[in-house]
1. In region 103-117, which residue that is surrounded by fewer than 24 Cβ atoms within 10 Å (Cβ to Cβ) and under 18 Å from the mean Cα position of the chain (by Cα) is farthest from Ser17 (Cα to Cα)?
2. Have a look at Ala148, Ala229, Ala134 and point out the one that is crowded, with 21+ Cβ neighbours inside 10 Å and either in contact with a strand residue (DSSP E or B) (Cβ under 6 Å, 6 or more places away or on another chain) or farther than 16 Å from Leu54 by Cβ (or both).
3. Residue by residue through region 61-82, note down the ones that are farther than 12 Å from Cys107 by Cα and crowded, with 24+ Cβ neighbours inside 10 Å.
4. Can you find a residue that is in contact with a His (Cβ under 9 Å, 6 or more places away or on another chain), among the small types (Gly, Ala, Ser) and farther than 25 Å from Glu141 by Cβ anywhere in region 173-185?
5. I'd like to check something: does region 10-20 contain any residue that is assigned to a helix (DSSP H, G or I), basic (Lys, Arg) and within 17 Å of the chain's Cα centre (by Cα)?
6. Among the numbered criteria (1) out of contact with any strand residue (DSSP E or B) (no Cβ under 6 Å at 6 or more places or on another chain); (2) modelled with pLDDT of 90 or more; (3) among the hydroxyl-bearing types (Ser, Thr, Tyr), which one does Thr183 miss?
7. Restricting to region 34-50, name every residue that is of a type in the set (Ser, Thr, Tyr), more than 22 Å from Pro186 (Cα to Cα) and crowded, with 17+ Cβ neighbours inside 10 Å.
8. Go through Leu121, Leu72 for me and flag whichever is out of contact with any Gly (no Cβ under 6 Å at 6 or more places or on another chain), assigned to a loop (DSSP other than H, G, I, E, B) and modelled with pLDDT of 95 or more.
Amino acid sequence: MTGAEKILPYNNDECKSAQIGRMFDSIAGTYDALNHTLSLGIDKKWRSKGIACLRPFSPGLILDVATGTGDLAIAMYEALNPIHITGVDISEGMIAAGRIKAAEAGCSDGITFELQDCLSLPYADDSFDAVTSAFGVRNFENIEKGIAEMYRVLKPGGHLMILELSHPRQFPVKQLYKLYSKTVIPCVGRLFSKENTAYHYLPASVRVVPQGGVMAGILRSQEFGNVVARSLTLGICSLYTGEKMK
């Protein structure tokens, strides 16, 4: 078990998955605006870099795990022209917002949003050409199990792309980010969403999520090959890619 799996939004009386679903239901209405504001809009560039890694492979069927409100799913649909994207999440509030956004973007026919547990996916082995996740892996109750499920549902030769926030390690970015995450994020989140717990949990989970070589090691331990870890924006975000070799 990694440190990220021990960080809980509320208490120890229920499993992390239940708490995460409840937390994101409570902030679904303000999540997009706050997310883009707190990241200064850079999150859109991170998604673009992740999508660029998939473009050479032209995936037809894509599974977007922990899809949230569908930002990555919609961006992939517009950029990659796949046959279909399935977005799964444990928060009904978030995927309800995603359905509205997909309809507004005119891609409802190409994206399906489903309420699913990312640790126990209902899809058959070898179902998707690509599996993706943006800023959701640190919320898994069991990261290794979640990665194993991603591997299982990928077709042989299919590609994995994960974006995850990470904690900068170099001076002075490390110190500035620590200050920002401990003061600005909780204050702004509380002001706009009225949800104090969520915006304390989110930066706390970033501080302990496996990153860099450690996360790459987890991917390799689940049999992914050609694993590459890239650091984006001075270490604030990490991009991981891998391939199902067999």
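The values are calculated or read from the model by the stated rules, or taken from the named source; none is laboratory data. Fair warning: this is a prediction, and the values are worked out from it, not measured in the lab. Reconstructed Cβ throughout: ideal geometry from the backbone, glycine too, with neighbour counts over all protein chains shown.
1. Quick first cut of region 103-117, residues surrounded by fewer than 24 Cβ atoms within 10 Å (Cβ to Cβ) only: 103-110, 112, 114-117.
Okay, now just the ones that are also under 18 Å from the mean Cα position of the chain (by Cα), so 112, 114-117.
Working: Thr112: 22, Glu114: 16, Leu115: 13, Gln116: 11, Asp117: 8 Å.
By that ranking, first place goes to Thr112.
2. Working: Ala148 fails: crowded, with 21+ Cβ neighbours inside 10 Å; Ala229 fails: crowded, with 21+ Cβ neighbours inside 10 Å.
Unique residue meeting the criteria: Ala134.
3. Once the filter is applied, which keeps residues that are farther than 12 Å from Cys107 by Cα and crowded, with 24+ Cβ neighbours inside 10 Å, region 61-82 yields Ile62, Leu63, Asp64, Val65, Ala66, Thr67, Gly68, Thr69, Leu72.
4. No, that holds for no residue.
5. In the first step, residues of region 10-20 are kept if they are assigned to a helix (DSSP H, G or I); the result is 16-20.
With basic (Lys, Arg) added as a condition, the list becomes 16.
Remaining after also requiring within 17 Å of the chain's Cα centre (by Cα): 16.
Yes, region 10-20 has at least one match.
6. (2)
7. none
8. On the way: Leu72 fails: assigned to a loop (DSSP other than H, G, I, E, B).
Result: Leu121 is the single residue among Leu121, Leu72 that is out of contact with any Gly (no Cβ under 6 Å at 6 or more places or on another chain), assigned to a loop (DSSP other than H, G, I, E, B) and modelled with pLDDT of 95 or more.
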